[in-house]
Amino acid sequence: MISSFQKACIVGIGQTEFSKASGRSEQQLAAEAILAACNDAGIDPASIDGMTTFSLDNSDEVDVMRSLGCEEIKYTTRLPQGGAASVSTIVHAKNAVESGICDTFLIFRAMNERSQYRFGQPHHSMSPDAHSSTFMEWCFPFGAQTPASWEALSCGPYLHKYGVTSEDLGRIAVTFRKAASTNPNAWFYEKPITIEDHQNSRWIVEPTLRLLDCCQESDGGVAIIITRADKAKDCKQTPVQILGAEYSMLFNHEIISDFYQGDLIRTENSEIVADRLAAAAGIAPKDTDVAMIYDNFTPQVLRQLEGFKYCGIGEANDYIKDGNLELDGKTPLSPNGGLMGEGYIHGMNNITEGVRQMRGTAANQIRNAKTAMLASGVAGAIIGV
Amino acid sequence: MRPDPIKRIDTAFFWDACEQGKFVVQKCEPCNTLWHPPRPMCPKCHSVEKTHQKLSGKGVIMSWVRQVRPASYGFENSPFVILVELNEGLRIVSNLISDSVPVIGEIVEVDFEKTVGGKSVPIFKRVVD
Ligand SMILES: [Zn+2]
């Protein structure tokens with residue numbers, strides 16, 4: 001057990017605007033978001049001594065140091081699994097500072113995934129030796145070539161078993177867009193949708209995903225600064241404690257083309273993470289005040305509500321119908337509008353929203369919020385003040 | 001036309017067999033366990049001695065999709081993509097060649113189709129009894 005002054009706290013968050021054409025390089029987006037996070041915390045970027053990002057991020061650690069003037073980096077990691085692992089950045093940050101390896105740890109992710117390349121479109125120029133490529137090698141020649149198609153194929157058995165309809169998924173999209181409509185930082189600010197809008201939106205992948213079931217491709221950068229409680233008290237903001245952060249990657253499971261293990265109904269890795277989190281944080285995900293649930297596509301919300309044990313297996317659709325995900329409900333879902341409504345910086349803008357909710361500074365502030373669950377499939381964290 | 005498969009050292013046996021009209025999976029030589037997708041080492045006994053085994057080619061549709069937008073790259077029309085649970089217990093992503101929409105639980109049987117570069121991939125058709 002570590003003492004309270006060693007505990008990891010989030011002390012800085014920063015982001016660029018979220019757009020469809022940033023007009024500048026990904027390296028610059030990263031640098032701007034990182035500087036904003038340092039200014040938010042009141043720390044000198046030179047003092048950053050550890051960092052992590054996604055294996056998919058194009059900005060090199062060296063490039064980040066060169067722009068920000070970081071003096072010495074003692075520890076770096078890169079995370080596999082894309083957005084499903086977005087919250088595992090918090091696991092690395094927590095371990096890096098609580099172990100004493102790092103004093104000031106940086107998480108960043110920056111992408112021009114709309115203007116520079118299309119993240120949601122087929123890429124047929126893949127190297128034959130690319131890593132973790134089952135979604136390319138074993139799907140591409142059969143015409144399943146986009147994240148939406150892989151996701152829909154893996155969700156099919158669940159949706160079929162529990163009779164979840166397109167209207168049911170539409171209800172989830174409407175919830176996100178309702179929250180986004182009152183968040184000035186959201187791409188879909190003042191643009192709520194109805195179930196009819198959802199039902200009239202074009203098919204992206206039959207028979208599951210319409211346009212309004214999908215997150216957006218966005219340009220933008222997000223950064224987060226973590227330090228220990230003893231140093232956090234000297235920072236500008238109220239420190240937000242990382243009460244627990246857990247990660248579970250299981251045998252024979254894939255990143256997104258996750259078809260080869262299990263019954264495709266339950267998500268065992270989320271269940272494991274939920275149990276470890278409850279033990280570490282002393283509070284279960286379902287009992288926290290805000291639920292930031294990774295929403296690349298609407299069916300993910302159903303599966304994570306069950307995986308992280310907000311409700312029983314097969315019960316998520318009714319849990320949503322009962323109004324639990326409304327901002328005044330039992331499980332207020334992504335008050336920023338989530339990745340569908342606010343922007344898709346690979347899940348990272350859901351983490352910064354969780355921090356704002358704990359500080360009491362969010363656009364759609366949940367009253368008296370003291371704890372928040374950050375969920376992204378294979379990883380989860382509970383933060384609190 | 002359908003794109004060519006992506007061949008790698010560890011997976012070439014699968015695509016080469018397809019060109020001869022054979023539907024096979026990786027089989028561990030010492031412990032006889034079948035694996036798909038292929039991998040360089042058997043995760044059960046850690047042997048790298050591999051062979052392959054011909055499959056029955058029969059299975060059940062577990063899930064299906066059709067990629068509408070963007071349309072499937074290379075194809076004239078986006079095909080029905082199916083996830084098949086094979087009788088041997090393994091799963092594979094492929095296509096259902098049919099004019100009618102796939103149904104979860106339907107029984108299907110393997111066949112082969114040519115790709116743009118003259119290679120071959122396994123596809124499935126409904127079993128008519
Ligand atoms: Zn073996």
Next item on the list: Residue by residue through the stretch B:2-14, note down the ones that are within 9 Å of another protein chain (Cβ to nearest Cβ) and either within 16 Å of the ligand (Cβ to nearest atom) or under 22 Å from A:A144 (Cβ atoms) (or both).
Entry: B:R2, B:P3, B:D4, B:P5, B:I6, B:K7, B:R8, B:T11
Check: Just checking, which of B:K50, B:K7 is among the basic types (K, R) and at pLDDT 95 or above?
Finding: B:K50
Checklist line | Count - residues of the stretch A:321-342 that are in a loop (DSSP other than H, G, I, E, B) and either out of contact with any strand residue (DSSP E or B) (no Cβ under 6 Å at 6 or more places or on another chain) or of a type in the set (K, R) (or both) | finding: 12
Margin query: Of the residues B:V60, B:V103, only one is out of contact with any Ser or Thr (no Cβ under 6 Å at 6 or more places or on another chain), modelled with pLDDT of 95 or more and farther than 23 Å from B:V24 by Cα; which?
Written below: B:V103
Notebook entry, point to check: Being surrounded by 13 or more Cβ atoms within 10 Å (Cβ to Cβ), within 10 Å of chain A (Cβ to nearest Cβ), in contact with a strand residue (DSSP E or B) (Cβ under 6 Å, 6 or more places away or on another chain) and free of Cβ contacts under 8 Å to residues at least 60 places away in the same chain, is that true of even one residue in the stretch B:37-44?
Noted result: yes
Item checked: Looking only at the stretch B:60-96, and only at residues there that are among the charged types (D, E, K, R) and facing chain A (nearest Cβ under 7 Å), the one that is surrounded by the most Cβ atoms within 10 Å (Cβ to Cβ) -> B:R66
Notebook entry, point to check: Do we find a residue being within 14 Å of chain B (Cβ to nearest Cβ) and not in a strand (DSSP E or B) anywhere in the stretch A:182-204?
Noted result: yes
Item checked: Scope the stretch B:24-52; condition out of contact with any Asp or Glu (no Cβ under 7 Å at 6 or more places or on another chain), outside any strand (DSSP E or B) and near the ligand (Cβ under 9 Å from one of its atoms); matching residues -> B:C31, B:N32, B:T33, B:M41, B:C42, B:P43, B:K44, B:C45, B:H46
Check: Among the residues of the stretch B:1-18, which ones are surrounded by fewer than 17 Cβ atoms within 10 Å (Cβ to Cβ) and under 18 Å from A:G143 (Cα atoms)?
Finding: B:M1, B:K7
Next item on the list: For the stretch A:101-127, name all the residues that are part of a loop (DSSP other than H, G, I, E, B) and either at pLDDT 95 or above or among the aliphatic types (A, V, I, L, M) (or both).
Entry: A:I101, A:C102, A:D103, A:T104, A:M126
Item checked: Number of the exception - A:N252 against (1) assigned to a loop (DSSP other than H, G, I, E, B); (2) crowded, with 17+ Cβ neighbours inside 10 Å; (3) more than 18 Å from the chain's Cα centre (by Cα) -> (2)
Check: For the stretch B:12-40, which residues satisfy the criterion of being β-branched (V, I, T) and under 14 Å from B:I92 (Cα atoms)?
Finding: B:V24, B:V25
Margin query: Go through the stretch A:343-375 and report how many residues are in a loop (DSSP other than H, G, I, E, B) and either touching a Phe, Trp or Tyr at 6+ places or on another chain (Cβ under 6 Å) or modelled with pLDDT under 95 (or both).
Written below: 5
Check: Is there a residue being within 16 Å of the ligand (Cβ to nearest atom) and within 18 Å of the chain's Cα centre (by Cα) anywhere in the stretch B:69-78?
Finding: no
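The values are calculated or read from the model by the stated rules, or taken from the named source; none is laboratory data. Every value quoted in this text rests on a predicted model; they were computed, and no experiment measured them. Note that we place each Cβ from the backbone using ideal geometry, even for glycine, and neighbour counts take in every protein chain shown.
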